[in-house]
Amino acid sequence: MEETVLKESPLKIGDKTFNSRLIVGTGKYKSFEETREAIALTGAEMVTLAVRRIELDKSKDSILNYLDPKKYAFLPNTAGCFNVQETVMTCQLAREAGLGNMVKVEVIGDEKTLFPDNEATLEACKILIKDGFVVLPYCTDDVVLCKKLAAMGCAAVMPLAAPIGSGLGVRNPYNIKLIREAVDVPVIVDAGVGTASDAARAMELGVDAILMNTAIAGAKFPLKMAVAMKQGVEAGRLAFEAGRIPKKLYATASSPIDGLIDV
Amino acid sequence: MRLIINGEEKNVSSCANVNELVKELDIQAPHFAVAVNLEVISRSNYESTRLNEGDKVEIVHAVGGGTAGEAPEPDKN
């Protein structure tokens, strides 16, 4: 078998192709150096960034000095936005700041759970698509909602596995599977993954990619977790593409039955 | 002239337009963007966008972030 067949297939989002199916956030690390090192170890080719006010009197250093734009596609997000106007303006500012036109739209609807406001998300996506953005919305794991987002022209849908930063893993694998079947754009599980087995399980469901931040940055040893997540995502995807055996209640012998010794 | 820059009142000397303001504030971030009174200003319009007393100016840049609440970047100071 050719070696290329033994690798996961590449991921296409909009007009971009990625060899890694892990997308990572750049927040919560101890330093810019740690951010750079951890992200390099994940093998990710797309990283999320937030857009915030410049602190006029503070250090001039920037996360962008640590991320090679030739190595990473930037995915500015609208984290912290609670309404449509803020969200749209944040995307426009990101584009104007030179971060490109691919955006992760998140409109938060509830501070405690950080669940998205789906109604506002739909509205913001509509405006942004019309404005020429490649839109990747963070949303709940709702099949109908994801179908609507895909139908209006979103380049991917990004249902949550569990609340942001919760580390609970995929809470409703059946919904995620249904979403994968229901839309013809990439499905990216965004938020809620806690450890490498969560990532592998999500990928085994057939989703196209996973976006995570806290699980790596918040680990006791982020660099080790970066490697673990890379391997988890790769293993899960390969297992999905390989096609697992069906689950059965009783045993099936894996050694030949013929040729047993007579005693 | 008094402007509200990133939510804080600031007195700036002779900044007639966005271009002059960006120079006076010495913004050096590799990537930044400006909005005046909630309107995003493209770079080619910095010169032609006049500033008036009391204008609300937002100057933003990219920081590390994942999802909601993960925005604070490492403290470098």
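The values are calculated or read from the model by the stated rules, or taken from the named source; none is laboratory data. Every value quoted in this text rests on a predicted model; they were computed, and no experiment measured them. FYI the Cβ positions are ideal-geometry reconstructions off the backbone, even for glycines, and counts take in every protein chain you see. These area figures cover heavy atoms from the full protein model, side chains too; ligands, DNA and RNA do not enter into them. Shrake-Rupley method; radii C 1.70, N 1.55, O 1.52, S 1.80 Å.
Quick look at the numbers
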| quantity | calculated |
| --- | --- |
| Flag for B:A33 being at the interface with another protein chain (Cβ under 7 Å from one of its Cβ atoms) and touching an Asp or Glu at 6+ places or on another chain (Cβ under 9 Å) | yes |
| Qualifying positions in the range B:45-57 - of a type in the set (V, I, T) and in a loop (DSSP other than H, G, I, E, B) | B:T49 |
| Residue match in the range A:134-155 (condition: in contact with a strand residue (DSSP E or B) (Cβ under 6 Å, 6 or more places away or on another chain) and over 25 Å from A:L11 (Cα atoms)) | no |
| Count of residues meeting criterion [open to solvent by 10 Å² or more (accessible area, probe 1.4 Å) and either in a strand (DSSP E or B) or of a type in the set (A, V, I, L, M, F, W, C) (or both)] in the range A:21-48 | 2 |
| Index of the failed condition, A:A94 passing every other in (1) out of contact with any Ser or Thr (no Cβ under 9 Å at 6 or more places or on another chain); (2) of a type in the set (G, A, S); (3) at pLDDT 95 or above | (1) |
| Test: residue in the range A:241-261 that is crowded, with 19+ Cβ neighbours inside 10 Å, away from chain B (no Cβ under 14 Å) and within 23 Å of A:T17 (Cβ to Cβ) | no |
| Restricting the range A:49-74 to residues that are in contact (Cβ under 8 Å) with a residue 40 or more places away in the chain and surrounded by fewer than 24 Cβ atoms within 10 Å (Cβ to Cβ), the residue that is farthest from the other protein chains (Cβ to nearest Cβ) | A:A73 |
| Subset of the range A:153-169 [closer than 16 Å to A:A196 by Cα, aliphatic (A, V, I, L, M) and surrounded by fewer than 24 Cβ atoms within 10 Å (Cβ to Cβ)] | A:A162, A:L168 |
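Matching residues to (1) modelled with pLDDT of 95 or more; (2) in contact with a helix residue (DSSP H, G or I) (Cβ under 7 Å, 6 or more places away or on another chain):
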position	(1), (2)
A:T4	no, no
A:G14	no, no
A:L22	yes, yes
A:A44	yes, no
A:R52	no, no
A:Y72	yes, no
A:P76	yes, yes
